[in-house]
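Asker: Below you'll find the structure I mean.
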Amino acid sequence: MDAARRRELARRVLDGYASGPDAPVRATANALAKIDRAVALVLVEGVSDQIAVETAAAGRGRDLDAERVAVVPIGGAHATGRFLAGLGPQRSRVRLAGLCDLAEADFVARGLATAGIGVPRTHDDLAELGFFVCVDDLEDELIRALGVDGVEAILATHGDLGSFRTLQGQPAWRDRRPAAQLRRFMGSGSRRKSRYARLLVEAAIARDVLPQPLDRLLASVGPH
């Protein structure tokens, strides 16, 4: 796929995430509307993870809408079992996959077990079922992939480096590792988290350093 087509796919992803206080609600509603025609469902904890997955797919030249792959933010890993139960008979005709944080992996495992999909006891077991664990979370994976200097360069490009330096100077964060400071900065507000989910994934794609959980997730819902 040529660069123009990849840019068009990336633009389409962004068009689905207009700004505003109700943007997360609208993004979730749009994802849920795709379920009935989907052949694969990717379950993620929140909208920023949805943006990351869809941005990564677009960067790889994938058109998830055309492939009938729906990326659905379910409102936290604790909702896995409830979401799967709500699918009813449809669950048997779709491929399932997902992404979660390290601290939430047990919730996903219990949800899959309750739904009768498997009894995963390890992260490898989860991966066999199409669910991949980020250590510690997707932001941490992306920061490690790009490096602190690489992420700071992205902050500078988008006018946020000064705000980050202010956080670094706060007593509660002054002595913390730069990677932890970056995670705190990225997570301070849903709009910032969603914005940098896209920007960091785009940079990781450009440098061919996409974190393994995200890379394996895309492969698990690739065309068969």
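Asker: Between Leu96 and residues 5 or more places away or on another chain, which pairs have amide H atoms under 5 Å apart, with H built 1.01 Å from N, and which residues are they?
Answerer: Those qualifying (amide H under 5 Å, at least 5 residues apart or on another chain) are Leu41.
Asker: OK, next. Mind checking which of Ile117, Ile143, Ile205 has the largest fluctuation in a GNM of the chain, springs on alpha carbons under 10 Å?
Answerer: Ile117
Asker: Now a separate question. Could you tell me how many degrees, from 0 to 90 and to the nearest 10, lie between the Cα long axis of helix 3-15 and the main elongation axis, the longest principal axis, of the Cα atoms of the chain?
Answerer: On a 0 to 90 degree scale, this one is about 90.
Asker: At 222 nm, what helix-only mean residue ellipticity would the chain give, in deg cm²/dmol to the nearest 500, using -39500 (n - 2.57) for each DSSP H run of four or more?
Answerer: On the way: 13 runs with 127 residues, N = 224.
Value at 222 nm, helices only, nearest 500: -16500 deg cm²/dmol.
Asker: For region 32-70 and region 170-224, what is the separation of their Cα centres, given in Å?
Answerer: 17 Å
Asker: Compare the peptides 176-184, 105-113, 69-77 by average per-residue count of other Cβ atoms within 10 angstrom and give them in order, highest first. Provide the component values of the computation, followed by the final result.
Answerer: On the way: 176-184: 16.6, 105-113: 20.0, 69-77: 21.6.
Per-residue Cβ counts within 10 Å, averaged per peptide and sorted highest first, yield 69-77, 105-113, 176-184.
Asker: Right, next: Take the alpha carbon atoms of region 57-159, find their radius of gyration, then divide it by 2.2 N^0.38 Å using N residues; give the quotient.
Answerer: On the way: Rg = 16.2 Å, N = 103, 2.2 N^0.38 = 12.8 Å.
The value comes to 1.27.
Asker: Which ordering of Leu126, Leu87 is given by a fewest-first count of other beta-carbon atoms within 10 Å?
Answerer: Values: Leu126 20, Leu87 15.
Least to most surrounded, the residues fall as Leu87, Leu126.
Asker: Let me ask something else. With contacts defined as alpha carbon pairs under 8 Å and 6 or more residues apart, what's the relative contact order of the chain in percent? Walk me through the numbers on the way to the answer.
Answerer: Numbers: 289 pairs, mean separation 49.5, N = 224.
Normalised by residue count, the contact order of the chain is 22 percent.
Here, each number is a calculation from the coordinates, and none is a lab measurement. What you are looking at is a predicted structure, and each value in this text was computed from that prediction instead of being measured. Every residue, glycine among them, receives a Cβ derived from its backbone with ideal geometry; neighbour counts consider all protein chains shown.
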